[in-house]
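**Q** Quick one: the structure is below, questions incoming.
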Amino acid sequence: MERTLVLFKPDCVQRKLVGRLLARFEDKGLNVIALKLMRVTPELAKVHYAEHVKKDWYPRLEAFITAGPLVAAVVEAPEAIRVVRDMVGATNGLKAAAGTIRGDFGSSHQMNLIHASDGPDSARREIDIFFKSDEIHAYEPTIIPWLRAEDER
């Protein structure tokens, strides 16, 4: 099993798309094991986007991510990181493929609705930034035998 962080960004919350987009992950068979509505502070933004803080465009990114509440989630499944990133699509909604979240709902580079960890190391780091260990509740849905063969679990 692999875990990844998904952030439904403030534009997603404001556009009332969280439920529809979360359902896409559940429909795919990903297991939601943590979920919360929260505000990102400037301090938290600097930790999450540490690699971007010195870039000239960072102030706009921080202003965007702190502008309203977001929904943070941890999802779990085999190959969760790749599956989620494939479902999310290219960063720029105008360039994202149809059928992806950003391709279907996005029309901006910055206001791109959703964040998904880009690899195992960043997933672990980001999950630790947004969730305490006691906020993550792994479980095995009874439907798993109908989603994946036994050797795929």
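The values are calculated or read from the model by the stated rules, or taken from the named source; none is laboratory data. All values derive from a computational prediction rather than experimental measurement. Backbone-built Cβ (ideal geometry, glycine too); neighbour counts: all protein chains shown.
**Q** Please work out if T142 is closer than 16 Å to A23 by Cα and among the hydroxyl-bearing types (S, T, Y). Let's see the steps before the verdict.
**A** Values: closer than 16 Å to A23 by Cα: no; among the hydroxyl-bearing types (S, T, Y): yes.
No; evaluated as a whole, the condition is false for this residue.
**Q** Taking the residues in the range 114-153 that are in contact with a helix residue (DSSP H, G or I) (Cβ under 8 Å, 6 or more places away or on another chain) and small (G, A, S) as candidates, determine which candidate is farthest from I33 (Cα to Cα).
**A** This residue is G119.
**Q** Condition check: closer than 27 Å to R148 by Cβ, touching a residue at least 12 places away in the same chain (Cβ under 8 Å), out of contact with any strand residue (DSSP E or B) (no Cβ under 8 Å at 6 or more places or on another chain) and not in a loop (DSSP other than H, G, I, E, B). Does G103 satisfy that? Steps first, please.
**A** Working: closer than 27 Å to R148 by Cβ: yes; touching a residue at least 12 places away in the same chain (Cβ under 8 Å): yes; out of contact with any strand residue (DSSP E or B) (no Cβ under 8 Å at 6 or more places or on another chain): yes; not in a loop (DSSP other than H, G, I, E, B): yes.
So G103 fits the description; yes.
**Q** For the subset of the range 125-143 comprising residues that are touching a residue at least 40 places away in the same chain (Cβ under 8 Å) and in a helix (DSSP H, G or I), which member is farthest from M87 (Cα to Cα)?
**A** Checked the range 125-143; the qualifying residue farthest from M87 (Cα to Cα) is E135.
**Q** In this structure, does E126 turn out to be at pLDDT 95 or above and in contact with a Ser or Thr (Cβ under 6 Å, 6 or more places away or on another chain)?
**A** Details: at pLDDT 95 or above: yes; in contact with a Ser or Thr (Cβ under 6 Å, 6 or more places away or on another chain): yes.
Yes, satisfied.
**Q** Next up: Return yes or no: is L35 among the hydrophobic types (A, V, I, L, M, F, W, C), in contact with a helix residue (DSSP H, G or I) (Cβ under 6 Å, 6 or more places away or on another chain), surrounded by 13 or more Cβ atoms within 10 Å (Cβ to Cβ) and part of a strand (DSSP E or B)?
**A** It is false that L35 is among the hydrophobic types (A, V, I, L, M, F, W, C), in contact with a helix residue (DSSP H, G or I) (Cβ under 6 Å, 6 or more places away or on another chain), surrounded by 13 or more Cβ atoms within 10 Å (Cβ to Cβ) and part of a strand (DSSP E or B).
**Q** Of the conditions (1) surrounded by 12 or more Cβ atoms within 10 Å (Cβ to Cβ); (2) more than 13 Å from T4 (Cα to Cα), I127 clears all except one; give me its number.
**A** (2) is the only condition that I127 fails.
**Q** Pairs please, first residue from the range 63-92 and under 15 Å from C12 (Cα atoms) and of a type in the set (S, T, Y), second anywhere and at pLDDT 95 or above and surrounded by fewer than 22 Cβ atoms within 10 Å (Cβ to Cβ), Cβ atoms under 6 Å, 6+ apart in sequence or on different chains.
**A** What qualifies is T66/P42; T66/A45.
**Q** Is one or more of the residues making up the range 95-117 loosely packed, with under 15 Cβ neighbours inside 10 Å and of a type in the set (F, W, Y)? Steps first, please.
**A** Looking only at the range 95-117, we keep the residues that are loosely packed, with under 15 Cβ neighbours inside 10 Å, and these are 95, 97-99, 107-109.
Filter once more, keeping what is of a type in the set (F, W, Y): none.
For the range 95-117, residues loosely packed, with under 15 Cβ neighbours inside 10 Å and of a type in the set (F, W, Y): absent.
**Q** Residue by residue through the range 54-78, note down the ones that are of a type outside the set (D, E), under 19 Å from H109 (Cβ atoms) and out of contact with any strand residue (DSSP E or B) (no Cβ under 7 Å at 6 or more places or on another chain).
**A** Taking the range 54-78 as the starting set, the residues that turn out to be of a type outside the set (D, E) are 54-55, 57-61, 63-75, 77-78.
Filter once more, so that each one left must be under 19 Å from H109 (Cβ atoms): 55, 57-61, 63-68, 70.
Across the range 54-78, the qualifying residues are K55, W57, Y58, P59, R60, L61, A63, F64, I65, T66, A67, G68.
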